[in-house]
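Asker: Before anything else, here's the structure in question.
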Amino acid sequence: MFHPLPLFIGLRYTRAKRRNHFISFISLISMLGITLGMVALIVVLSVMNGFHKEIQERILGMASHATISSADPGGLADWRDLLAQVRNAPDVVGAAPFVEIEAMLMSNGQTNAAILRGILPAEEDQVSDLRTDMIAGRVENLIPGEFNIILGVELANALRVGLGDKVTVVTPQVNATPVGVMPRLKAFNVVGLFEVGMAEYDSGAAFMHMSDAARLMRLGEDNAEGVRLKITDMFQAPRIAREIASTLGGYYRVSDWTQMHRNFFAALRTEKRMMTIILFLIVAVAAFNIVSTLVMVVTDKRGDIAVLRTLGASPGTVMAIFMVQGTSIGLVGTVLGMIGGVLLGWNVETIVASIEQAFGVHFLDPSIYYISALPSDVRLSDVLSIAGGAFAMSIIATLYPAWRAARTDPAEALRYE
């Protein structure tokens, strides 16, 4: 295919002004089709990557990379020793103790289920972004013994409470009273509100001091349920957490972010895979337009093919000539698509913002999607795989027309010239 003669003639055919302008038009359409298909695919995948990255960062801003919890219902009395061991482990960036409670919150006649997490304010910064997500109050307002609580902003709205109000926490534990078994109730003061931008946390999470949570769960005032970890490489969290737990001795429950949000991230991967397949069909249609282009070129060049065969060109040489011509169309379309897709992917946020400002519209309503700007994350692996796939389809599309050209009978072709 890259022998000098086929390459020279094939490129000459590509540059030459054809007698049939319709063929030139079809060639241009095929090239532009590949370009536009690649631009669309690169931009869409970049935006999806940006959304996935944004969501992942928001989830991991509240959920730890991994947790090591006590297998004993009574919690950990020696959590300080465990914390010191874990922090000295390789690949651990930070660690903090916690107590987690599934409870009901009641106020103003409203009731909502929530996950309550007992934390130490001074340690929590090592494993979460709670401090940066605060929109009212301060994390330091969680003072042991005062039974203060920080609510997600949507949870506070559902309970119709604000700073200084009280909410009643109902836990699964029960108290035996003269009138029977009653659930445990405790009033808490609302001292802060946070907003992550994920409904899972904004409408279903709350924070209190760890000692208050431990007393509420009857773990003992100074006990913890386990330790939350932040790892250098979050994708290695499952392996690292289990290796750390195996060196501690005793029995512990180990979990990580891939387990806690497995279904969600699996759905995101499936969505990206299906969108890639669907949009790649656009590139495939454009690439196979090269077939019709080359079929018409072969018909138009029957006389030239006959002359070349008469001068001693082999069928393989003729086939290579038209493969070079078709491949050059695909190559130009692929290169233009890569350049256009990367440039648009890098600037899609600015372009969308300009369109919104010019026409007074909002593609992403912050009150619904939480993300007001269109995130984009152009990845080299995606760009190269798309370009490689488009170029490969362009080569495949040249095979049949080039093979038909190679089978042209010189005598039959010259009879009508």
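The values are calculated or read from the model by the stated rules, or taken from the named source; none is laboratory data. The model shown is predicted, which means the values in this text are computed figures rather than measured ones. Here the Cβ positions follow ideal geometry from the backbone for every residue, glycine too, while neighbour counts run over all protein chains shown. Surface accessibility is based on the protein's heavy atoms, side chains included, excluding ligands, DNA and RNA. Shrake-Rupley method; radii C 1.70, N 1.55, O 1.52, S 1.80 Å.
Asker: Open to solvent by 20 Å² or more (accessible area, probe 1.4 Å) and part of a helix (DSSP H, G or I): which single residue out of 255, 292 fits that description?
Answerer: Selected residue: 292, the only one of 255, 292 that is open to solvent by 20 Å² or more (accessible area, probe 1.4 Å) and part of a helix (DSSP H, G or I).
Asker: Then there is this: For residue 339, all conditions in the list (1) open to solvent by 40 Å² or more (accessible area, probe 1.4 Å); (2) of a type outside the set (Asp, Glu); (3) modelled with pLDDT under 85 hold save one; what is the number of the exception?
Answerer: For residue 339, the failing item is (3).
Asker: Going through region 26-38 one residue at a time, which ones are aliphatic (A, V, I, L, M) and within 14 Å of residue 275 (Cα to Cα)?
Answerer: Matches in region 26-38: 38 only.
Asker: What is the number of the single condition among (1) among the aliphatic types (A, V, I, L, M); (2) in a helix (DSSP H, G or I); (3) at pLDDT 85 or above; (4) surrounded by fewer than 19 Cβ atoms within 10 Å (Cβ to Cβ) that residue 213 does not meet?
Answerer: In the conditions (1) among the aliphatic types (A, V, I, L, M); (2) in a helix (DSSP H, G or I); (3) at pLDDT 85 or above; (4) surrounded by fewer than 19 Cβ atoms within 10 Å (Cβ to Cβ), residue 213 misses (4) alone.
Asker: Cβ-Cβ under 7 Å, sequence separation 6+ or interchain: first residue in region 245-273 and closer than 22 Å to residue 62 by Cα, partner open to solvent by 70 Å² or more (accessible area, probe 1.4 Å). Which pairs?
Answerer: Listed by first residue and then by second, the contacts come to 254/242.
Asker: If you check residue 270 against the conditions, is it in a helix (DSSP H, G or I), among the hydroxyl-bearing types (Ser, Thr, Tyr) and open to solvent by less than 40 Å² (accessible area, probe 1.4 Å)?
Answerer: In short, no.
Asker: Only residues that are surrounded by 14 or more Cβ atoms within 10 Å (Cβ to Cβ), in contact with a strand residue (DSSP E or B) (Cβ under 7 Å, 6 or more places away or on another chain) and not in a strand (DSSP E or B): list them for region 219-243, please.
Answerer: Listed by number, the residues that qualify are 219, 223, 225, 237, 238, 240, 241, 242.
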